[in-house]
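**Q** Sharing a structure, written as C-alpha coordinates. Questions coming.
The values are calculated or read from the model by the stated rules, or taken from the named source; none is laboratory data. All of these numbers come straight from a predicted model, not from anything done at the bench. Glycine also receives a Cβ, built like all others from the backbone with ideal geometry; neighbour counts cover every protein chain displayed. These accessible areas exclude ligands, DNA and RNA; they are computed on the full protein's heavy atoms, side chains included. Shrake-Rupley method; radii C 1.70, N 1.55, O 1.52, S 1.80 Å.
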Amino acid sequence: QVQLVESGGGLVQPGGSLRLSCATPRIIFRYYTMAWYRQVPGKQREWVAHITSGGSTNYADSVKGRFTISRDDAKNTVYLQMNSLKPEDTAVYYCNANGGLDYWGQGTQVTVSS
(Lines give C-alpha, C1' and ligand atoms only; values in the text may rest on other atoms or scores of the structure.)
Protein backbone atom coordinates (compact mmCIF):
# COMPACT_ATOMS: atom_id res chain seq x y z
CA GLN A 1 0.00 0.00 0.00
CA VAL A 2 1.35 3.39 -1.00
CA GLN A 3 1.49 5.86 1.88
CA LEU A 4 2.00 9.57 1.65
CA VAL A 5 2.87 11.01 5.06
CA GLU A 6 2.11 14.68 5.66
CA SER A 7 3.35 16.86 8.48
CA GLY A 8 3.71 20.51 9.42
CA GLY A 9 0.17 21.71 9.97
CA GLY A 10 -0.90 23.73 12.99
CA LEU A 11 -2.29 26.99 14.29
CA VAL A 12 -0.82 30.25 13.03
CA GLN A 13 -1.82 33.90 13.21
CA PRO A 14 -2.84 35.82 10.08
CA GLY A 15 0.25 36.93 8.22
CA GLY A 16 2.27 34.04 9.55
CA SER A 17 3.96 31.13 7.79
CA LEU A 18 3.90 27.35 7.83
CA ARG A 19 5.68 24.68 5.84
CA LEU A 20 3.96 21.42 5.03
CA SER A 21 5.91 18.28 4.12
CA CYS A 22 4.85 15.12 2.34
CA ALA A 23 7.13 12.09 2.42
CA THR A 24 6.56 9.80 -0.54
CA PRO A 25 7.81 6.36 -1.61
CA ARG A 26 10.67 6.80 -4.04
CA ILE A 27 9.04 4.90 -6.90
CA ILE A 28 6.13 7.31 -6.73
CA PHE A 29 8.17 10.44 -6.19
CA ARG A 30 10.40 9.91 -9.23
CA TYR A 31 7.63 9.70 -11.79
CA TYR A 32 4.47 11.25 -10.43
CA THR A 33 3.20 14.79 -10.37
CA MET A 34 2.89 15.86 -6.74
CA ALA A 35 0.19 18.24 -5.62
CA TRP A 36 -1.41 19.83 -2.61
CA TYR A 37 -5.16 20.14 -2.17
CA ARG A 38 -7.23 21.56 0.65
CA GLN A 39 -10.72 21.07 1.95
CA VAL A 40 -13.02 22.80 4.40
CA PRO A 41 -16.11 21.11 5.85
CA GLY A 42 -19.06 21.22 3.50
CA LYS A 43 -16.99 22.16 0.45
CA GLN A 44 -15.28 20.25 -2.34
CA ARG A 45 -11.61 19.51 -2.16
CA GLU A 46 -9.71 22.33 -3.87
CA TRP A 47 -6.47 22.07 -5.82
CA VAL A 48 -3.78 24.39 -4.42
CA ALA A 49 -0.57 23.71 -6.35
CA HIS A 50 1.36 21.03 -8.18
CA ILE A 51 4.89 20.21 -9.24
CA THR A 52 5.78 17.77 -12.00
CA SER A 53 8.59 15.23 -11.91
CA GLY A 54 10.52 17.69 -14.08
CA GLY A 55 10.00 20.52 -11.60
CA SER A 56 7.35 22.60 -13.37
CA THR A 57 4.94 24.28 -10.97
CA ASN A 58 1.50 25.78 -11.07
CA TYR A 59 -0.68 27.47 -8.45
CA ALA A 60 -4.29 28.34 -7.80
CA ASP A 61 -4.91 32.06 -8.16
CA SER A 62 -5.91 32.26 -4.49
CA VAL A 63 -2.40 31.29 -3.32
CA LYS A 64 -0.20 32.59 -6.13
CA GLY A 65 2.59 34.77 -4.78
CA ARG A 66 2.11 33.48 -1.22
CA PHE A 67 2.64 29.71 -1.47
CA THR A 68 5.60 27.86 -2.94
CA ILE A 69 5.67 24.16 -3.81
CA SER A 70 9.03 22.43 -4.05
CA ARG A 71 10.55 18.97 -4.02
CA ASP A 72 13.66 17.45 -2.53
CA ASP A 73 14.71 14.53 -4.70
CA ALA A 74 17.20 13.26 -2.13
CA LYS A 75 14.49 12.98 0.53
CA ASN A 76 11.57 11.99 -1.72
CA THR A 77 9.64 14.81 -0.12
CA VAL A 78 7.46 17.59 -1.46
CA TYR A 79 6.94 20.81 0.47
CA LEU A 80 4.40 23.58 0.54
CA GLN A 81 5.77 26.80 1.98
CA MET A 82 2.86 29.01 2.96
CA ASN A 83 3.50 32.68 3.69
CA SER A 84 1.20 35.62 4.41
CA LEU A 85 -1.46 33.22 5.60
CA LYS A 86 -5.07 34.37 5.74
CA PRO A 87 -8.03 33.03 7.73
CA GLU A 88 -9.51 31.75 4.46
CA ASP A 89 -6.50 29.44 4.10
CA THR A 90 -7.84 27.43 7.03
CA ALA A 91 -8.47 23.89 5.82
CA VAL A 92 -7.26 20.32 5.93
CA TYR A 93 -4.39 20.09 3.46
CA TYR A 94 -3.83 16.88 1.52
CA CYS A 95 -0.83 15.66 -0.40
CA ASN A 96 -1.57 13.95 -3.72
CA ALA A 97 0.49 11.90 -6.14
CA ASN A 98 -0.88 11.50 -9.65
CA GLY A 99 0.61 9.42 -12.43
CA GLY A 100 -2.38 7.59 -13.78
CA LEU A 101 -3.20 6.25 -10.35
CA ASP A 102 -4.09 8.66 -7.56
CA TYR A 103 -2.64 8.46 -4.06
CA TRP A 104 -3.56 10.64 -1.10
CA GLY A 105 -2.13 11.45 2.30
CA GLN A 106 -4.18 11.47 5.48
CA GLY A 107 -4.40 15.26 5.64
CA THR A 108 -3.01 17.84 8.03
CA GLN A 109 -5.01 20.65 9.62
CA VAL A 110 -3.97 24.25 9.03
CA THR A 111 -5.77 26.87 11.10
CA VAL A 112 -5.16 30.58 10.56
CA SER A 113 -6.65 32.57 13.40
CA SER A 114 -5.81 35.30 15.86
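**Q** Suppose we filter ALA35, ALA74 for residues that are outside any strand (DSSP E or B) and small (Gly, Ala, Ser); which single one remains? Break it down stepwise before answering.
**A** On the way: ALA35 fails: outside any strand (DSSP E or B).
Every option except ALA74 fails the conditions.
**Q** Tell me which residues, restricted to the stretch 81-102, are modelled with pLDDT of 95 or more, open to solvent by 50 Å² or more (accessible area, probe 1.4 Å) and part of a strand (DSSP E or B).
**A** The answer is GLN81, and nothing else.
**Q** If a residue must be open to solvent by 40 Å² or more (accessible area, probe 1.4 Å) and under 13 Å from the mean Cα position of the chain (by Cα), how many such residues does the stretch 64-80 contain?
**A** Going through the stretch 64-80 one residue at a time, the tally reaches 3.
**Q** Can you name every residue in the stretch 92-114 that is touching a residue at least 40 places away in the same chain (Cβ under 8 Å) and on the phi > 0 side of the Ramachandran plot?
**A** GLY107 - this is the single residue of the stretch 92-114 that is touching a residue at least 40 places away in the same chain (Cβ under 8 Å) and on the phi > 0 side of the Ramachandran plot.
**Q** May I pose another question? Whether any residue in the stretch 38-53 is within 22 Å of VAL2 (Cα to Cα) and of a type in the set (Ser, Thr, Tyr) is what I want to check.
**A** Yes; the residues of the stretch 38-53 include at least one that is within 22 Å of VAL2 (Cα to Cα) and of a type in the set (Ser, Thr, Tyr).
**Q** Further question on the same structure: Take the residues in the stretch 103-114 that are open to solvent by 10 Å² or more (accessible area, probe 1.4 Å) and β-branched (Val, Ile, Thr); name whichever of them is nearest to TRP36 (Cα to Cα).
**A** Step by step, filter the stretch 103-114, then rank; the result is THR108.
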